[in-house]
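Colleague: I'd like to ask you about the structure that follows.
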Amino acid sequence: MSKKKVNVLVDWGKAFVDKDGNFYCGTTEEQKDNAVLILKEADLIVYASDVHSRNSMEFIANGGIYPAHNIVGLYTPQDADRLSVGDGKTVSPQLTDKLYDLVKDKNSGLIVPRHVFFQDYNGEPDFIPAFTFQDVVAAFDVPKLNPQEFLDGGIEYVVNAKHMFNGASLQSTEWMDHIPGKPKVAGVPSMEMNVFTLLKQQYGQGEGLQFDVTGVVIGICIYQTASNLRQLFPKADINVIADGCTHLVYAPLGIATPEQGDQVASAMCKQVGVNYVKTVDYLGMK
């Protein structure tokens with residue numbers, strides 16, 4: 001019996017993988033082309049994408065360590081200057097064109113886990129969302145996901161917003177609703193869930209599922225997402241497509257060459273039961 005192939009696109013947004021992206025990570029056209037080949041094999045496509053407000057604590061200008069990227073909601077020329085976004089640089093989270101062209105006409109839906117709205121929360125007395133649901137809809141041009149339609153098999157492409165390295169993870173925000181005098185915030189989901197929550201309802205431990213992961217970058221978001229999928233769905237097949245991902249090659253972190261990065265990534269995946277394969281080998285599995 002063939003397995004349902006879920007193509008997980010991790011952070012394939014313009015700000016990360018296009019050369020005019022404000023946080024360009026070095027993604028090559030060959031890596032994009034390989035990701036396209038994997039995507040064409042999919043039964044379901046999930047785009048796990050960072051979304052942030054202009055005030056995100058990840059950004060260097062706000063005390064973080066990363067260049068500004070994947071901004072939704074209000075963003076002005078003054079913000080670009082403050083956040084050191086150069087002329088002609090994009091902070092868009094929208095899927096890079098080669099992949100977007102393959103999904104733009106599919107039946108689609110957007111899901112934003114509850115905790116993503118509160119990613120900027122820092123102990124303030126009021127719980128103010130970082131942005132609205134409509135801000136995220138506008139960024140991706142994808143309507144709100146209908147969970148029942150998804151469960152019935154009517155959705156082919158899902159944008160799953162995130163803000164952490166681990167795109168399959170959730171954070172508890174239930175405590176926010178149990179503080180006296182703090183009502184639920186209008187427009188923010190009442191439940192903490194993502195697309196993998198829905199797949200859990202359908203497939204339990206994951207028998208009958210195959211996850212194929214591509215994107216940015218191997219040692220951070222790719223590995224963390226793939227390893228969590230392994231824990232969520234222990235009976236599923238989890239594949240990281242080595243040449244459909246961007247590798248982090250940076251000597252101060254102990255990875256000085258692409259070859260060394262490949263060896264490290266392969267060993268890390270093996271330790272948690274994730275397959276680490278090249279595109280040509282993956283296509284040969286059919």
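Colleague: Which residue is modelled with the lowest pLDDT, if the candidates are limited to the stretch 238-286 and must be within 25 Å of Ala168 (Cα to Cα) and assigned to a loop (DSSP other than H, G, I, E, B)?
Modeller: Val249
Colleague: I would also like to ask the following. Suppose we keep only residues that are over 20 Å from Asp87 (Cα atoms) and surrounded by fewer than 23 Cβ atoms within 10 Å (Cβ to Cβ) within the stretch 1-30. Which one would you say is modelled with the lowest pLDDT?
Modeller: For the stretch 1-30, the residue satisfying everything is Met1.
Colleague: Then there is this: Which numbered condition trips up Lys182, out of (1) modelled with pLDDT of 95 or more; (2) surrounded by fewer than 22 Cβ atoms within 10 Å (Cβ to Cβ)?
Modeller: Against the list (1) modelled with pLDDT of 95 or more; (2) surrounded by fewer than 22 Cβ atoms within 10 Å (Cβ to Cβ), Lys182 comes up short only on (1).
Colleague: Further question: Gly109: in contact (Cβ under 8 Å) with a residue 12 or more places away in the chain and assigned to a strand (DSSP E or B), yes or no?
Modeller: Numbers: in contact (Cβ under 8 Å) with a residue 12 or more places away in the chain: yes; assigned to a strand (DSSP E or B): yes.
Yes.
Colleague: Looking at Asp105, Asp135, Asp126, which is the one that is surrounded by fewer than 16 Cβ atoms within 10 Å (Cβ to Cβ) and closer than 24 Å to Met176 by Cβ?
Modeller: Exactly one of Asp105, Asp135, Asp126 is surrounded by fewer than 16 Cβ atoms within 10 Å (Cβ to Cβ) and closer than 24 Å to Met176 by Cβ, namely Asp126.
Colleague: Working carefully through the options Arg114, Arg82, find the one that is buried (at least 19 other Cβ atoms within 10 Å of the Cβ), among the charged types (D, E, K, R), touching a residue at least 12 places away in the same chain (Cβ under 8 Å) and over 17 Å from Asn7 (Cα atoms).
Modeller: Just one listed residue meets the conditions, Arg114.
Colleague: Tell me whether the stretch 39-54 contains one or more residues that are in a loop (DSSP other than H, G, I, E, B), touching an Asp or Glu at 6+ places or on another chain (Cβ under 7 Å) and farther than 30 Å from Ile155 by Cβ.
Modeller: Within the stretch 39-54, one or more residues are in a loop (DSSP other than H, G, I, E, B), touching an Asp or Glu at 6+ places or on another chain (Cβ under 7 Å) and farther than 30 Å from Ile155 by Cβ.
Colleague: Go through Val272, Val213, Val277 for me and flag whichever is at negative phi and surrounded by 24 or more Cβ atoms within 10 Å (Cβ to Cβ).
Modeller: Val213
Colleague: Cβ-Cβ under 7 Å, sequence separation 6+ or interchain: first residue in the stretch 156-176 and in contact (Cβ under 8 Å) with a residue 12 or more places away in the chain and closer than 18 Å to Ser190 by Cβ, partner surrounded by fewer than 17 Cβ atoms within 10 Å (Cβ to Cβ) and among the basic types (Lys, Arg). Which pairs?
Modeller: Close Cβ pairs (under 7 Å, with a partner that is surrounded by fewer than 17 Cβ atoms within 10 Å (Cβ to Cβ) and among the basic types (Lys, Arg)) amount to Met176/Lys182.
Colleague: Would you point out which residue out of Asp212, Asp262, Asp237 is in contact with a strand residue (DSSP E or B) (Cβ under 8 Å, 6 or more places away or on another chain), touching a residue at least 12 places away in the same chain (Cβ under 8 Å), farther than 26 Å from Val159 by Cα and acidic (Asp, Glu)?
Modeller: Checking each option against the conditions leaves just Asp262.
Colleague: Please determine whether any residue of the stretch 162-175 is crowded, with 17+ Cβ neighbours inside 10 Å and more than 18 Å from the chain's Cα centre (by Cα).
Modeller: Yes.
Colleague: In the stretch 1-27, what residues are in contact with an Asp or Glu (Cβ under 9 Å, 6 or more places away or on another chain) and under 20 Å from His69 (Cβ atoms)?
Modeller: Selection gives Val8, Asp11, Gly13, Lys14, Ala15, Phe16, Val17, Asp18, Tyr24, Cys25, Thr27.
Colleague: Here are some conditions: (1) within 22 Å of Leu198 (Cβ to Cβ); (2) assigned to a helix (DSSP H, G or I). Pro93 meets all but one. Which one does it not meet?
Modeller: If we test Pro93 against (1) within 22 Å of Leu198 (Cβ to Cβ); (2) assigned to a helix (DSSP H, G or I), just (2) comes out false.
Per-residue answers, yes or no, for (1) touching a Phe, Trp or Tyr at 6+ places or on another chain (Cβ under 6 Å); (2) within 20 Å of Gln271 (Cα to Cα):
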site: Val188; (1), (2): yes, no
site: Leu198; (1), (2): yes, no
site: Gln210; (1), (2): no, yes
site: Gly219; (1), (2): no, yes
site: Tyr223; (1), (2): no, yes
site: Val240; (1), (2): yes, yes
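Colleague: Give me a count of the residues in the stretch 1-19 that are assigned to a loop (DSSP other than H, G, I, E, B) and farther than 19 Å from Phe140 by Cβ. Please lay out each step first, then the result.
Modeller: Start the filter on the stretch 1-19 by keeping residues that are assigned to a loop (DSSP other than H, G, I, E, B), which leaves 1-3, 11-12, 18-19.
Remaining after also requiring farther than 19 Å from Phe140 by Cβ: 1-3, 19.
Looking only at that region, the number is 4.
Colleague: Could you tell me whether Pro129 is touching a Ser or Thr at 6+ places or on another chain (Cβ under 7 Å), assigned to a loop (DSSP other than H, G, I, E, B) and under 20 Å from Ser169 (Cβ atoms)?
Modeller: The answer is no for Pro129.
Colleague: Among the residues of the stretch 1-38, count how many are touching a Lys or Arg at 6+ places or on another chain (Cβ under 9 Å), farther than 18 Å from Glu156 by Cα and of a type in the set (A, V, I, L, M).
Modeller: 2
The values are calculated or read from the model by the stated rules, or taken from the named source; none is laboratory data. Fair warning: this is a prediction, and the values are worked out from it, not measured in the lab. For neighbour counting, all protein chains shown are included, and Cβ atoms are generated from backbone atoms with ideal geometry for every residue, glycine included.
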